[in-house]
Amino acid sequence: MNPVVIDHLLADGSDLDTAADVVQAALRCQAAPPTESRRRYFDSFEWSLYLAGAALEEEVMGDRREVAWLDLADNGAALARQGVDVELGLAVDLPPGPVHTRLAPVLGIRRLLPMVSLACRSRTLRVLNDDDKTVVRVVLEQCRIAGEGARPEVLLPARLRIAGVRGYQREQEDATRQLEALLALQPAHAPLLLAALAATGRRPGAYSSKLDYRLDPKQPAEAALRNILLGLLDTLEANVDGTRRNLDPEFLHDLRVATRRTRSALSQVKGVLPPAIVEDFKHRFAWLQQVTGPVRDLDVYLLDFPKLKTSLPAPLRPGLDPLKDWLAAHYDGERQALAKALDSERFLALLRDWRAYLEAPSRSLAADAATPIEDVANRRIRRMFKRVIREGRAIADNSPAEDLHDLRKTCKKLRYLMEFFQSLYPTTEIKGLIKQTKVLLNNLGGFQDLAVQAQHLADTAVAMQAADAAPVEAQLAMGALISHLLEQQQRARREFARIFSGFDSEANRALFGRLFGPPTTTTSARHGAADSNRARA
Amino acid sequence: MKIVGVYSIKGGVGKTSSTVNLAYLAAEAGHRTLVWDLDPQGAASYFFRVKPKIKGGGRALLRGKRALDDIIKGTDFELLELLPADFSFRNMDILLEGAKKKPIRQLQRLLKPVVGDYDYVFFDCPPSISLMSENIFRAADALMVPLIPSTLSERTLLQLKDFLRKQEGFGALKLLPFFSMVDPERSLHQDTIERLSAKHKGVLEARIPLSPEVERMGIHRMPLPAYAPSNPASSAYRALWEEVAEAL
């Protein structure tokens, strides 16, 4: 039986010391001197810790500073602690220790950001048995949310925490019963961190780069598409600041994915938005995709670097160091160019104009603007699926690499369409199809990315050589790396036929047919109805 | 989860005080830590103010009638818990012999359900070389062996090494001998330390002094670094813990 932490709220205006006196009068206990501490709670931008049921607390008490890994399911009980003397940021910045061990796999490559800061006064009382052994801990705590800028301080309700000690459950129950009778206690419905976040108006888990639209199948296509595009714009905008400040590589990645999805939605959901709008914004988002590319390429390189290095035989590995130096040296320049692009009027106008268009009242006269989204989705997905099958079947062992590249592009379009419209279909089936499409995409992506990486390495080697920055060891190591990448690429190529036949299976085709099968009404009939509706309006 | 047995064939060498203090330091460093008091004398349980009693005794434990989860007690210190001793542990070998399968892997089996609950488990082991000890060797990642700087201690270390060499499957078990109850005033201790350190590879650097403060643990009924954090013996235990954490 694990110990349980029970949090209560003290009645309004209760004073910690008076409450402590009540506890001491009622229970045999030992009181520690009152403490003052400053606490900050951290999470990643996408709330990775919160979603894993955990929180990271940094506490500064006098000259002692430590971080604790808290279990939100047990009212924020600490599962691990670690002293720190560094500013929290990436997982690699935190020295090895029990908190690092738990944090690293949950945080991944994301950066810890402070979510809320508290100043707390606490009193701890240990309830003792006849052997003077601690059997329950009572913690009285009053915290205020530190004011930031124009935001004033917020005083949170005082709390009384009854923390169980393993093996002494009965004692905890007795103490709880007694204290509930003596003090006007209200159950606290959320751990301190969540109460503090709620008081600042922050909603944990609010950001996700995943597509999760709830669409009404009968909704006119234009309204549904605007809804999707607005969601993508929100994601894109949410990642601009973190990208500009280079907090971690995922901001840029999410920004680029939102851009790519926007472009895909614009070009793939045809006949819904006015062609002039589609053309204009397709062009402008293509620019965004292009200016964000070089930094992303370098990010991927640098993230993959340890793996690339270990793929080489040990004696060759030091030869890659000049490459890393070269990439790092170019990184700053590329970052500055990216920051400049994100500060440019061209970018700001793109966000402004796009939002203005998406939020303005509907005015599209395009052919399918009023068609129910369900029909548009079925039609587009059906067509794209057929195209994937057609292109995939045409690929033979001797087909050129471009054919696989084209198939990848088609496949990606299919995946995005299914993701945009997934709420229109039975969850298990659509998720299964998306997953299967991802398997195919992974194979095609592996093939393509490895080829690009190998080519990029070869170009970099030439550039390094020209700048006199490639000693023989570096050239040998890069040559070996290129050969390793091309070998892997060939492996992906050999696996293609098997993976594609899984996608092109009879069962899969039947499932596609069932989910996106022929619409109940004909396209022309629907158009007619939509036109007459518009005429009436 | 790392499992450390604090073990010696010989009694009275500072096993229990080392177990209790190292486990306390592990928890203080932020690790979830369990002390398993395997010694029927129950001294470690006493230091943590927990009664050395398990309902149904060792038999109920081995037969799975009492889950480990129900027996473990929290201590006065956050992240530090104790699996208390029971007087019936004096007959542990007989109980282990009675196990239907793999009598040398019973401790390992019992620990399985709590593997995810702790970062470190410390066994306070009874002195002897027995079926129980073999269970400890099978379950542990490392054996810490306290050595009083004397010829007799060297003999027990040699006996242990000899035993481990002759058995199969102890290749990965780390042996971490360290000097305990060292009297800095006695030149014989100093000479022995120098001689044994030169002769036996892997003896840890930290030396636990013979100290009245360590003996007072029985009066305070708590780990030494908890009530005398700046005592030289506490510093010695800290140095020892750092070496052990590093070795693991």
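Computed values, structure above
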read-out	value
Between region A:108-161 and region A:383-451, the alpha-carbon center distance in angstrom	51
Per-pair calculated FRET efficiency, R0 = 25 Å: A:D21 and A:R177 via Cβ, rounded to 0.05	0.85
Distance from region A:328-350 to region B:94-153 (C-alpha centre basis), Å	61
Mean ellipticity per residue at 222 nm, deg cm²/dmol - from DSSP H runs of n ≥ 4 across chain A, formula -39500 (n - 2.57)	-19000 deg cm²/dmol
Shape of the protein assembly as shown, Cα gyration tensor, a/c cut at 1.5	prolate
Shielding score for B:113-123, defined as the mean number of other chain Cβ atoms within 10 Å	1
Shape category assigned to region B:92-145 from the gyration tensor of Cα positions, a/c cut at 1.5	oblate
Cα long-axis angle, helix A:16-26 against chain A (0 to 90 degrees, to the nearest 10)	60
Region B:2-247: relative contact order as a whole-number percent, Cα under 8 Å and 6+ apart	26
For A:V4, B:V182, order by how many other beta-carbon atoms lie within 10 Å, fewest first	A:V4, B:V182
Shielding of B:24-30 by partner chains, average beta-carbon count, 10 Å	4
Within 10 Å of each Cβ in A:166-174, the average number of Cβ atoms from other chains	3
For B:K51, distant residues with modelled amide H under 5 Å away	none
Burial order of peptide ranges A:416-422, A:155-161, B:200-206 (average beta-carbon count within 10 Å, highest first)	A:416-422, A:155-161, B:200-206
Any cysteine of chain A lacking a neighbouring Cys Cβ under 4.7 Å - listed by number	A:C29, A:C411
Whole-number D in µm²/s for region A:135-254 (Stokes-Einstein; Kirkwood sum over Cα pairs; 25 °C, 0.890 mPa s)	128
C-alpha long axis of helix A:169-182 to longest principal axis of chain A, angle in °	70
Helical contribution to [θ] at 222 nm, DSSP H n ≥ 4, -39,500 (n - 2.57), averaged over chain B, rounded to 500	-11500 deg cm²/dmol
Degrees, to the nearest 10: B:151-166 long Cα axis against longest axis of chain B	50
Taking B:L82, A:L192 and counting other C-beta atoms within 10 Å, the order from fewest to most	A:L192, B:L82
Neighbour-count order for A:M384, B:M144, fewest beta carbons within 10 angstrom listed first	A:M384, B:M144
Base-10 log of normalised Debye intensity for region A:221-536 (one unit scatterer per alpha-carbon) at q = 0.11 Å⁻¹	-0.83
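None of the figures in this text is laboratory data; all of them are computed from the coordinates on show. Note that the structure is predicted; figures quoted are calculated from it, not measured. We place every Cβ from the backbone using ideal geometry, glycine too, and count neighbours over all the protein chains shown.
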